[in-house]
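Right, one structure below, let's go through it.
The values are calculated or read from the model by the stated rules, or taken from the named source; none is laboratory data. Only a predicted model underlies this, so the values are computations on that prediction, with no experimental measurement involved. Because the Cβ atoms are built from the backbone with ideal geometry, glycine has one as well, and the counts that use them run over all protein chains shown.
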Amino acid sequence: MLPSEIRSKVDKVRNDFWTGGVSNPLTAIEQTTNLLYAKELDEVQTREEAKANTLGRPLERRIFPEGKDGLETPGFPDGGCPYELLRWSRFKNEPPARMYEIVADHLMPFLRSLGGEGSAMAAHMKDARLAFTKPALLDKIVQGLDEIPMRDRDTKGDVYEYLLSMLSSAGENGQFRTPRHIIDLIVRLMDPKPTDTVCDPAAGTAGFLMMAAEYVRREYPEIWADEKLRQHFQTKAFTGFDFDETMLRIGAMNMMLHGIEEPRITYRDSLAEGGDHDAGKYSLILANPPFAGSLDNESCSKDLLRVVKTKKTELLFLALFLRLLTTGGRAAVVVPDGVLFGAQKAHKEIRRIIVEDHRLEAVISLPSGVFRPYAGVSTAILIFTKTGRGGTDNVWFYDIQADGLSLDDKRNALLDEKLLGPAPERALSEDEHAKNNLPDVLARWADREGGECDNPRTAQSFCVSREDISAAGYDLSLNRYKEVVHEEVEHAAPGDIIRELRGLEDEIAKGLDALEGMLT
C-alpha cells in the first residue's frame, strides 16, 4: 500500500488535472500514461549510460538518438529540437512555454514514431498527444509526477494503480474497473503457476494480468533462477486483448510499471470474426468481460454463434473462454446474475455445456454493491475447467455478503486497512468476518472437496451435485439451492391478545377525551 505522503502527492496531480480543465478522469489517466512512458524511457537510457560508463563500453541501447529531430517549430527553427531535450531529466527544467513546445510538438511525435522499434508499448503510443493547451498545467503535472518517488517496481505499480482509482464510471461498452481486492481474491483462488499462460480477453486496465504477475513473482521466486521460466514470465505468460486504444495504452503501461518488460496487450475485438488463431492456447483465463447487452450478429464470430446462438455478450464471452482454453485449462470469470438463471434457450445451453461437457467447480455470489459506483448489478464468479468430456461432480457455492467495504456508492472501508482483502495480516474475529468474508472464501475453497461437502444448504457455503443442478434446468443461482432457517415464533394465547387490544382501546379513548377537552 502507498504511504500517505505519496498518496497526497498523487492526489495533488489528480487535482491539478481537474483544476486545469481536464475533468474526464480517463483523459487524465491517458495523459499521465504518456508522460510516465517518456519518464520511463529516460530512466532506461540513464541506466544504460551508467552501465556503459561502469564497464567502459559503448552504449548498447540508445533510445534518444544524437542530433536533432528535424521538426522545425518557432522555438526550434534550425533543424528541429535536439533529441537530448526530449528526455524527462532535461525538459522538466525548462520554462512552461518552452516545455510545452518540446513535449507537444517534439516529444509526442517522437513517442508515436517509436512503434517502428517493435516494442509492444511503443506500438500503443501511436496516437499519443497532449489533450490540453495550457503550458502551466503541463508544468504542474510534470513537476508533480517528478516529486513522486517511483524508484522501484513496487512503488511504480502502486502509484499507477492508485491513479487508476480515478476511473469511477463505466465505459460506453459496459466495461468498468474491477475492484483490486476482488481481483486479488480471484487470482489467489486460481493460484497461477510459473508455467501458466494467462489470458484476459477483455483486459481493460490489465488488472487481472497485473495481479497474476505479482502473485507468481511473490509465490514462486525460483523463476528468476531458471532462464526458461524467466523468459516465459517476461514475454509469454500474460496476454490481454481490448478494442479500446486508450485502454490498451493504460493496460500496457500498468504491466510495464509492474515489471513486465514487453507486455502482450494487443488490439482485438475478442467476439469478432477472425480471432480463432489462438484457440486452445491458454491454460488460465481471468476476466470480467463487459456486460454490454447485445451485439450485431453480422460482426460476431460464427464459431461462437455455433456454440451459443445469441446476441448477448456475456454468453458469447463464456463460449469464447471455452474456445481459448487448452484442454485442462481453467477459468475464473465474473458474470452478471442473469447468466446464472436466465430462462432463454441460449442461457440454458451455455450453462448445460459448462456443466455437462466440461467441469463446473464453483459459483461464488458477490454482493450487489461490489461494483459501485460504476454499477449496482448483481454478479458472481464462475470457476470452471475445460475438459471436453464432462467431469462436474459437486459444485461449490459461496454466498459473499460483505467484502470489507460499504456497499453504497461511497465504498468506505469497514475495517482497518490491514484487515481488508482476502489475505489480512491476521485471522479475523467473528464480528470482523461479518464485514469481510473474503479470507473465509479462500479457506473454505481449499476444503471444497472435503468438509465443505457436508455443509447443510443453510450454511454460507455448501455443495450441490450435478444431478440436482441438471434437475433444476441448470439453474446456477445460489438462492435456487440455499435453504433458509425458519425460526420458531412463540404465539400468544388468544385471551392475551384480546386483553392487550382492549387495553390499547382504553388508552386511545383516554387520549381522545383529553384532546376533546383541550379543544373545548
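Does residue 9 satisfy the criteria of being in contact with a Pro (Cβ under 9 Å, 6 or more places away or on another chain) and in the same structural domain as residue 132 (by TED's automatic domain parsing)?
Taking the combined requirement at face value, the residue satisfies it.
Identify the residue in region 340-355 that is in contact (Cβ under 8 Å) with a residue 40 or more places away in the chain and under 30 Å from residue 196 (Cβ atoms) and, among all such residues, is surrounded by the fewest Cβ atoms within 10 Å (Cβ to Cβ).
352
Quick check on region 66-89: of everything there that is without any contact (Cβ under 8 Å) to a residue 24 or more places away in the chain and within 20 Å of residue 34 (Cβ to Cβ), which residue is surrounded by the fewest Cβ atoms within 10 Å (Cβ to Cβ)?
84
Can you tell me how many residues in region 393-420 are touching a residue at least 40 places away in the same chain (Cβ under 8 Å) and surrounded by fewer than 21 Cβ atoms within 10 Å (Cβ to Cβ)?
Count: 7.
Of the residues that make up region 55-67, is at least one modelled with pLDDT of 90 or more and under 38 Å from the mean Cα position of the chain (by Cα)?
Checking region 55-67: at least one residue is modelled with pLDDT of 90 or more and under 38 Å from the mean Cα position of the chain (by Cα).
Determine which single condition residue 94 fails, assuming it passes every other condition in (1) free of Cβ contacts under 8 Å to residues at least 24 places away in the same chain; (2) in a loop (DSSP other than H, G, I, E, B); (3) over 19 Å from residue 133 (Cβ atoms).
Condition not satisfied by residue 94: (3).
Is it the case that residue 466 is touching a residue at least 24 places away in the same chain (Cβ under 8 Å) and either touching a helix residue (DSSP H, G or I) at 6+ places or on another chain (Cβ under 7 Å) or not assigned by TED's automatic domain parsing to the domain that holds residue 184 (or both)?
Answer is yes for this residue.
Scan region 230-252 residue by residue and report those that are more than 12 Å from residue 209 (Cα to Cα), within 18 Å of the chain's Cα centre (by Cα) and of a type outside the set (Asp, Glu).
243, 246, 247, 248, 249, 250
Taking region 176-214 only, how many residues are among the small types (Gly, Ala, Ser), under 22 Å from residue 410 (Cβ atoms) and out of contact with any helix residue (DSSP H, G or I) (no Cβ under 6 Å at 6 or more places or on another chain)?
Final tally of qualifying residues: 0.
Looking at (1) surrounded by fewer than 24 Cβ atoms within 10 Å (Cβ to Cβ); (2) at pLDDT below 85, which is the one condition that is false for residue 263?
The failed condition is (1).
Just the residues that are surrounded by 20 or more Cβ atoms within 10 Å (Cβ to Cβ) and not aliphatic (A, V, I, L, M), please, taken from region 198-214.
Correct list: 199, 200, 201, 204, 205, 207, 208.
Within region 1-15, can you find the residues that are surrounded by 20 or more Cβ atoms within 10 Å (Cβ to Cβ) and over 26 Å from residue 418 (Cα atoms)?
Answer for region 1-15, where residues must be surrounded by 20 or more Cβ atoms within 10 Å (Cβ to Cβ) and over 26 Å from residue 418 (Cα atoms): just 13.
Within region 21-38, which residues are surrounded by fewer than 19 Cβ atoms within 10 Å (Cβ to Cβ) and either assigned by TED's automatic domain parsing to the domain that holds residue 204 or over 17 Å from residue 134 (Cα atoms) (or both)?
Residues satisfying the conditions are 25, 26.
Those residues that are within 21 Å of residue 157 (Cα to Cα) and either in contact with a Ser or Thr (Cβ under 6 Å, 6 or more places away or on another chain) or not in a loop (DSSP other than H, G, I, E, B) (or both), I need them from region 180-197; list them, please.
Scanning region 180-197 gives 180, 181, 182, 183, 184, 185, 186, 187, 188.
Residues being in contact (Cβ under 8 Å) with a residue 12 or more places away in the chain and buried (at least 16 other Cβ atoms within 10 Å of the Cβ): count how many of those fall in region 450-463.
Selection size over region 450-463: 5.
Residue by residue through region 359-380, note down the ones that are buried (at least 22 other Cβ atoms within 10 Å of the Cβ), outside any strand (DSSP E or B) and not aromatic (Phe, Trp, Tyr).
366, 370
Can you tell me which condition residue 349 does not meet? The list is (1) within 26 Å of the chain's Cα centre (by Cα); (2) part of a helix (DSSP H, G or I), and all the others hold.
(1)
Evaluate the following for residue 57: is it touching a residue at least 12 places away in the same chain (Cβ under 8 Å) and not in a helix (DSSP H, G or I)?
So residue 57 does not fit the description; no.
Tell me, please, whether a residue that is outside the structural domain of residue 417 (by TED's automatic domain parsing) and surrounded by 13 or more Cβ atoms within 10 Å (Cβ to Cβ) can be found in region 54-61.
Checked region 54-61: no residue is outside the structural domain of residue 417 (by TED's automatic domain parsing) and surrounded by 13 or more Cβ atoms within 10 Å (Cβ to Cβ).
Could you please give the count of residues in region 299-331 that are of a type in the set (Asp, Glu) and under 21 Å from the mean Cα position of the chain (by Cα)?
Adding up the residues that qualify gives 1.
Can you say whether residue 184 is at pLDDT 90 or above and more than 14 Å from the chain's Cα centre (by Cα), as far as the supplied structure shows?
For residue 184, the condition - at pLDDT 90 or above and more than 14 Å from the chain's Cα centre (by Cα) - is not met.
Among the residues of region 19-40, write down those that are free of Cβ contacts under 8 Å to residues at least 40 places away in the same chain and over 24 Å from the mean Cα position of the chain (by Cα).
19
Within region 310-335, which residues are buried (at least 23 other Cβ atoms within 10 Å of the Cβ) and among the polar types (S, T, N, Q)?
310
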